Structure formats: C-alpha cells, structure tokens
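S.K.: This is the structure I have questions about; it appears just below.
Derivation of every value follows stated rules applied to the coordinates shown; laboratory data play no part. From a predicted model like this one, the values you see are computed outputs, not experimental measurements. Every residue, glycine among them, receives a Cβ derived from its backbone with ideal geometry; neighbour counts consider all protein chains shown.
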Amino acid sequence: MGQENFRQMRKAMVVSQLRTTEVSDPRVIAVMSHIAREDFVPAAQRSFAYADRGVQIGDGRALNPPLTTGRLLNVARITKSDKVLLIGAATGYTAALLAQLAGSVTAVEQNAKLAKTAVKNLADFDNVEIETGNHADGWPTAAPYSVIVIDGLVEQIPQALIDQLAPDGRIVASIMHDGVARLALGRTAGGHVGYQYFADGGGCPLPGFEMAKSFKF
C-alpha cells in the first residue's frame with residue numbers, strides 16, 4: 001500500500017473518528033494527522049493501522065484504537081511545560097504523539113522485545129526516554145510527573161503510580177469500572193486522585209494491572 005493511501009487513511013481517521021467524538025484539542029488533531037501510525041505496526045498489520053479497533057503488535061499485545069488514544073490525550077490537555085510518564089510504550093506510537101505535545105516523556109514498557117522496537121522507532125525523538133520495567137511500578141527515578149498516560153485498558157491503578165504524580169497532576173486511562181470499560185481523567189488532591197469518567201470506551205488490555213481474584217466457596 002502506497003504512502004498516499006496511508007495519508008488518505010490518516011485523514012479519514014481524523015475526520016470520521018476524532019472530530020466526530022469531541023476530540024477538539026487542535027494540537028492533538030495536528031499530531032495525529034502528522035504521525036504515521038503505520039510505521040508503528042508490524043508489516044502484516046499496516047493496512048489496519050487506522051481502523052477503529054486495536055491493532056495486534058505481537059506477544060498478545062495490541063495498540064489502542066486511535067479514537068481511545070485521541071480522547072485520552074484530548075482531556076489530558078498536555079503542553080510543552082508538562083513532564084509525562086507513559087505506561088505501556090508498546091511500539092512507540094503514543095510516545096511519538098506525546099513527544100510533539102509535551103516537554104519530555106518517560107515511557108515504560110515491560111515487554112523487552114516491544115521496548116527494543118520502541119527505541120528503534122523513536123530514534124529521531126530527543127525528548128523521549130524508553131525504560132524497561134513493570135508497568136504498575138511506573139518509573140519513580142524521574143518522578144514527579146505532571147501527567148501520567150496509561151495507554152491501555154486496566155482493572156485498577158496502583159498507589160505506586162499515583163505517588164509519582166506532582167501536586168495538581170493528572171492521569172488518564174481506560175479503566176474497568178463496574179464491569180464496563182470507561183475512559184477516565186483523574187486529578188490529584190491531597191495525595192489522592194478523584195476520577196471523572198467521561199465516556200464509555202474500549203481500549204486494549206494492558207498487562208500488569210490485574211486485580212487479585214477473590215476465592216469463592
């Protein structure tokens with residue numbers, strides 16, 4: 001498939017997925033119009049790069065649908081003054097978007113193979129650091145962060161991540177809430193986070209945030 005076709009698919013994604021679902025931040029629209037998502041997926045999946053669903057990237061992982069990523073970044077309201085922690089670097093797509101929006105990005109990926117791919121894909125970005133480690137642990141070495149972006153569907157958000165937020169920081173994620181996947185914006189106050197669930201939405205499961213299963217007789 002030629003580059004012109006991918007440009008048309010990217011434009012269609014912006015018009016039909018983002019602009020019709022309250023993704024209104026012009027900077028988010030601009031970076032998602034510019035960054036070539038097809039460069040961050042395996043060759044066999046490139047034709048699905050802009051589909052309104054997750055894209056398989058190997059080892060049971062998938063990139064979040066573009067709409068999910070767009071809506072999370074839209075409410076995060078990231079600026080060049082922000083220091084961002086990305087949980088779930090995957091192949092580097094969302095890190096590339098964040099590199100255009102934020103001042104600096106630390107991206108954590110617990111799959112060493114994917115982390116290596118992300119490093120390769122992000123070689124031209126000088127404000128992104130890819131770190132290999134458990135998703136749920138974040139990256140406390142570089143904390144605090146003004147924004148945390150969890151790029152996948154999680155069952156819970158551990159206190160270890162909340163502790164890495166700066167005062168008045170914010171966190172965005174897709175969270176299982178009452179059995180439904182919901183997009184959420186959290187804000188810190190007094191060491192705790194209050195969440196606003198602003199949309200029902202999917203997201204591809206991100207390992208490392210599973211809740212312990214209770215034993216039933």
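S.K.: Does GLU109 fit the bill of being free of Cβ contacts under 8 Å to residues at least 60 places away in the same chain, farther than 13 Å from ILE148 by Cα, touching a Gly at 6+ places or on another chain (Cβ under 7 Å) and crowded, with 19+ Cβ neighbours inside 10 Å?
M.R.: Yes; evaluated as a whole, the condition is true for this residue.
S.K.: Which is closer than 25 Å to GLY191 by Cβ, exposed (fewer than 15 other Cβ atoms within 10 Å of the Cβ) and touching a strand residue (DSSP E or B) at 6+ places or on another chain (Cβ under 8 Å), of PRO167, PRO140?
M.R.: Step by step, each of PRO167, PRO140 is checked, and only PRO167 is closer than 25 Å to GLY191 by Cβ, exposed (fewer than 15 other Cβ atoms within 10 Å of the Cβ) and touching a strand residue (DSSP E or B) at 6+ places or on another chain (Cβ under 8 Å).
S.K.: Another question about this same structure. So, VAL149, is that one in contact with a strand residue (DSSP E or B) (Cβ under 8 Å, 6 or more places away or on another chain), in a helix (DSSP H, G or I), under 17 Å from ALA99 (Cβ atoms) and among the aliphatic types (A, V, I, L, M) or not? Lay out the reasoning, then the answer.
M.R.: Values: in contact with a strand residue (DSSP E or B) (Cβ under 8 Å, 6 or more places away or on another chain): yes; in a helix (DSSP H, G or I): no; under 17 Å from ALA99 (Cβ atoms): yes; among the aliphatic types (A, V, I, L, M): yes.
Considered against the rule, which asks whether it is in contact with a strand residue (DSSP E or B) (Cβ under 8 Å, 6 or more places away or on another chain), in a helix (DSSP H, G or I), under 17 Å from ALA99 (Cβ atoms) and among the aliphatic types (A, V, I, L, M), VAL149 comes out as no.
S.K.: Does segment 150-191 hold any residues that are closer than 16 Å to VAL84 by Cα and out of contact with any Gly (no Cβ under 7 Å at 6 or more places or on another chain), and which are they?
M.R.: Residues satisfying the conditions are ILE162, ASP163, LEU165, ALA166, PRO167, ASP168, GLY169, VAL172, ALA173, LEU185.
S.K.: Another one. Name every residue in segment 154-191 that is without any contact (Cβ under 8 Å) to a residue 40 or more places away in the chain, part of a strand (DSSP E or B) and farther than 23 Å from THR141 by Cβ, in order of residue number.
M.R.: ILE175, MET176, HIS177, VAL180, ALA181, ARG182, ALA184, ARG187, ALA189 - these are the residues of segment 154-191 that are without any contact (Cβ under 8 Å) to a residue 40 or more places away in the chain, part of a strand (DSSP E or B) and farther than 23 Å from THR141 by Cβ.
S.K.: Keeping to segment 127-146, report how many residues are of a type in the set (S, T, N, Q) and assigned to a strand (DSSP E or B).
M.R.: Looking only at that region, the number is 2.
S.K.: I want to confirm something. Restricting to segment 31-59 and keeping residues that are in contact (Cβ under 8 Å) with a residue 24 or more places away in the chain and small (Gly, Ala, Ser), which single residue is farthest from LEU86 (Cα to Cα)?
M.R.: SER47
S.K.: Also: Write out, first by first residue and then by second, each pair whose Cβ atoms fall under 9 Å of each other, whose residues are 6+ apart or on separate chains, and whose first residue, in segment 88-99, is surrounded by fewer than 24 Cβ atoms within 10 Å (Cβ to Cβ) while the second is assigned to a helix (DSSP H, G or I).
M.R.: Pairs found: ALA99/VAL31.
S.K.: Out of curiosity, is THR117 surrounded by fewer than 20 Cβ atoms within 10 Å (Cβ to Cβ), over 16 Å from ASN74 (Cα atoms), out of contact with any helix residue (DSSP H, G or I) (no Cβ under 7 Å at 6 or more places or on another chain) and among the β-branched types (Val, Ile, Thr)?
M.R.: Spelling it out, it is not the case that THR117 is surrounded by fewer than 20 Cβ atoms within 10 Å (Cβ to Cβ), over 16 Å from ASN74 (Cα atoms), out of contact with any helix residue (DSSP H, G or I) (no Cβ under 7 Å at 6 or more places or on another chain) and among the β-branched types (Val, Ile, Thr).
S.K.: Show the residue pairs meeting these rules: Cβ distance below 7 Å; 6+ apart or different chains; first residue within segment 60-81 and free of Cβ contacts under 8 Å to residues at least 40 places away in the same chain; second residue assigned to a strand (DSSP E or B).
M.R.: none
S.K.: Filter segment 192-204 down to the residues that are in contact (Cβ under 8 Å) with a residue 40 or more places away in the chain and either touching a Pro at 6+ places or on another chain (Cβ under 6 Å) or surrounded by fewer than 21 Cβ atoms within 10 Å (Cβ to Cβ) (or both), then identify the one that is nearest to ASP82 (Cα to Cα). I'd like the intermediate steps shown before the answer.
M.R.: Keep residues of segment 192-204 that are in contact (Cβ under 8 Å) with a residue 40 or more places away in the chain, which gives 198-199, 201-204.
Checking the rest, the ones that are also either touching a Pro at 6+ places or on another chain (Cβ under 6 Å) or surrounded by fewer than 21 Cβ atoms within 10 Å (Cβ to Cβ) (or both) come to 198-199, 201-202.
Working: PHE198: 22, ALA199: 24, GLY201: 26, GLY202: 26 Å.
Among residues in segment 192-204 that are in contact (Cβ under 8 Å) with a residue 40 or more places away in the chain and either touching a Pro at 6+ places or on another chain (Cβ under 6 Å) or surrounded by fewer than 21 Cβ atoms within 10 Å (Cβ to Cβ) (or both), the one nearest to ASP82 (Cα to Cα) is PHE198.
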